[in-house]
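These notes concern the structure reproduced below.
Just so it is clear, none of the values below were taken in a lab; they were calculated from the coordinates. What you see is a predicted model, and the numbers here were worked out from it, not measured in a lab. With ideal geometry, Cβ positions are generated from the backbone for all residues, glycine too; neighbour counts draw on all protein chains shown.
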Amino acid sequence: MAGFTENALVRKLQELNSSQQSIQTLSLWLIHHRKHHAAVVKTWFKELLKAKDTKQLTFMYLANDVIQNSKKKGPEYGKEFGEVLVESFQHMAKTGINVKTKHSLHRILSIWQERGVYDAAKIQEFKEAMDPNDAIPNKVKKRKSLDTDIKETEKKPKLENKENRERRRSETKVEVDGHIETHITLSPKTPPGDPPEPEELIKALLELESSASSDEAVRERIASLPPEVSEVHLLSKLEDKESALSLSAIVNSAVELLAEYNLRLSEELEKRRKVAGMLRDFAQAQRDLAKQAEARLEEYNIKLQKIYAVKAEVKSHIENLPDVSRLPDVTGGLAPLPSAGDLFSV
């Protein structure tokens with residue numbers, strides 16, 4: 001992947017457009033170069049100040065995408081962007097963003113609040129920077145806001161179900177500096193985790209080989225337990241206290257053995273569910289990559305055919321062009337070109 005430079009970042013920001021592909025590609029590049037997070041955010045802010053209304057929103061979608069997608073790898077971007085977002089929102093408010101853009105920005109802030117990207121106080125600070133009316137400490141306004149929150153909470157399960165369906169459709173593959181990477185769309189919706197790396201998937205599958213259900217030794221111990229430990233009606237055969245105490249010890253041992261084994265089975269079940277999800281995501285990622293490879297093969301086959309056509313045309317031109325290594329003599333025949341020695345021998 002190409003190295004990071006501020007000039008390269010400025011160029012990429014200038015070329016950035018509002019398409020999902022453009023935002024994702026640059027977001028992945030920035031996350032890959034997250035050790036330069038301070039320079040990235042500084043340059044992002046400087047270019048935002050130069051951008052027009054619609055481009056400003058694209059810059060915010062980029063910031064949103066970088067902040068949320070980089071959370072697993074570290075909090076650097078979230079903290080760094082947090083230092084300039086207030087000024088960013090203030091600048092956008094001063095430049096007169098339209099109603100549609102303001103609505104989109106509020107949507108981003110709502111997502112950040114819902115997902116704990118920033119705390120409530122920070123979100124309120126962003127809102128006040130974008131819209132000073134949010135800063136009015138009005139008790140009536142707070143009560144209305146509380147009532148609205150309650151109503152929204154009642155509606156939330158339906159909204160979350162819809163969002164979950166959208167999440168499953170949000171994973172995409174993009175090419176960054178010649179490398180294919182998985183990206184989860186966070187502008188403005190967030191899907192579940194990325195498909196696993198092959199090494200991670202292989203490790204998870206290998207761990208299942210030593211799972212509880214494949215532990216024959218424990219299963220044999222459980223199978224060899226006397227029937228008295230699980231059949232209550234057999235207790236009537238106990239004739240003395242000594243045999244009862246002996247059975248009690250066996251039962252206690254059996255309880256401990258089964259409880260531990262059931263715990264291991266429960267852990268195995270969770271692992272298998274996790275691996276099943278990993279396999280599903282990995283398979284989907286491979287299908288997406290296959291489609292992308294198919295499209296790329298078709299694209300480059302077309303380019304190859306064009307080059308073949310140019311090659312044939314060049315060959316035809318070569319065959320039809322005169323041989324400039326020979327010039328006509330006075331009789332109309334061809335004579336070889338004179339050498340330098342011939343020219344100066346007169």
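If you take the square roots of the eigenvalues of the alpha-carbon gyration tensor of the stretch 58-131 and sort them as a ≥ b ≥ c, do you get rounded (a/c under 1.5), prolate (a/b over b/c) or oblate? Note, shape of the stretch 58-131 comes out prolate.
The value of relative contact order for the stretch 1-133, using C-alpha pairs under 8 Å at least six residues apart, is 24 percent. Highest mean first, the peptides 63-69, 293-299 sorted by other C-beta atoms within 10 Å per residue fall in the order 63-69, 293-299.
The fewest-to-most ranking of TYR300, TYR77 by surrounding Cβ atoms within 10 Å reads TYR300, TYR77. Could you pull out which residues in the stretch 269-293 have an amide N less than 20 Å from a spot 7 Å beyond the Cα of ALA309, following the Cα-Cβ vector? Inside the label zone: nothing. Suppose we look only past 17 Å in the calculated P(r) of the stretch 198-318. What percent of the Cα-Cα pairs does that tail hold? For the stretch 198-318, the fraction of Cα-Cα distances above 17 Å is 74 percent. With R₀ fixed at 45 Å, the C-beta to C-beta distance from ILE202 to GLU239 puts the FRET efficiency at about 0.20. Any idea which of ALA244, HIS233, LEU205 is furthest toward the positive side of the dipole for the stretch 198-318, if Lys and Arg beta-carbons carry +1 and Asp and Glu beta-carbons -1? Farthest towards the positive pole: LEU205.
Each peptide in 256-268, 25-37, 226-238 gets a packing score, the mean of other Cβ atoms within 10 Å over its residues, and the list from highest to lowest is 25-37, 256-268, 226-238. Exposure proxy ranking for ILE250, ILE318, based on other Cβ atoms within 10 angstrom of each Cβ and starting from the fewest, stands as ILE318, ILE250. Using 7 Å Cα-to-Cβ label points, what is the GLN21/ALA120 separation (nm, one decimal)? My value for the distance between the label points is 4.3 nm.
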